[in-house]
1. Express in whole angstrom the spacing between the alpha-carbon centres of the stretch 4-39 and the stretch 97-130.
2. If you average the sequence gap of Cα pairs under 8 Å that are 6 or more apart and divide by the length of the chain, what percent do you get for the contact order?
3. Report, ordered by chain and residue number, the lysines lying within cross-link reach of Lys163, taken as a straight Cα distance under 24 Å and ignoring same-chain residues fewer than 8 apart.
4. Could you list, bin by bin from short to long, the percent of Cα-Cα pairs of the chain in 10 Å steps?
5. Add +1 for every Lys or Arg and -1 for every Asp or Glu among the other residues with Cβ under 12 Å from the Cβ of Ala21, and state the total.
6. Glu97: accessible area at probe 1.4 Å, nearest 10 Å²?
7. Give the carbon-plus-sulfur fraction of the accessible surface of the chain in %, rounded to a whole number; probe 1.4 Å, heavy atoms of protein chains only.
8. Once Lys and Arg get +1 and Asp and Glu get -1 on their Cβ, which of Leu185, Ile68, Ala108 lies farthest toward the positive end of the dipole of the chain?
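The values are calculated or read from the model by the stated rules, or taken from the named source; none is laboratory data. Source: prediction; values computed, not measured. Cβ atoms come from the backbone with ideal geometry, glycine included; neighbour counts cover every protein chain shown. Calculation scope for accessible area: heavy atoms of the full protein, side chains included, ligands and nucleic acids excluded. Shrake-Rupley method; radii C 1.70, N 1.55, O 1.52, S 1.80 Å.
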Amino acid sequence: LPVLAATGIGFDLQSQQVSIARLSSQDAKLKAWLQADGQVNYQALFAASPEAETPAEGAATPVKPWRISLNELNLANYQLAFIDHSQTKPVEMLFDELNLSVRYYHNADGVKLPLQFSTRFNQSGRIKLDGDVGLSPFFANWAGELQEIKLKTFQTYLDPYVKLELTDGDLNTLGHLQLVAGEELQVNYQGDANI
């Protein structure tokens, strides 16, 4: 992570608030993988410890959470090398020229965040998303575009279900994607596609 910059930082210990006007980063190179047990390698970094979940003995009042706000987040020219080891044959994916912009983050329920995302996929395809996302509860409402996504990349995912070999072909699509998290993830997509 060669470049990380924050501007407009505000910190209030009394009211437990942190605000950042702009957080930006560029040229990071990340490696991630999905293990056979379904866990992503970075999940261990953010797992809560059992001690943190158990209130201290004699604690009379719950701890007041900090309020965090970030007006603008910009990631530019990131690279993510991802390997899915949950399949019988590992699937490798490279997301480079990755750019992400998110605005108006607050750690409160029901916040709608404007998001713009674009990346090159496996050195030939393109993925673009533009719209809103919410984290708690999770939802997404995006205009999406895929260009020249090589279908052969996904052969391993088809193998358990159909006797079909993908030898060549690209997927292109332009449309509108909605995701809503409930007991099960609801996915709705409307648009045009061609192979």
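1. Here the answer is 14 Å between Cα centres.
2. This gives 13 percent for the chain.
3. Qualifying lysines at Cα under 24 Å: Lys89, Lys150, Lys152.
4. Reading upward from the zero bin: 7, 22, 37, 22, 9, 3, 0.
5. +1
6. Result for Glu97: roughly 70 Å² accessible.
7. 56 percent
8. Ile68
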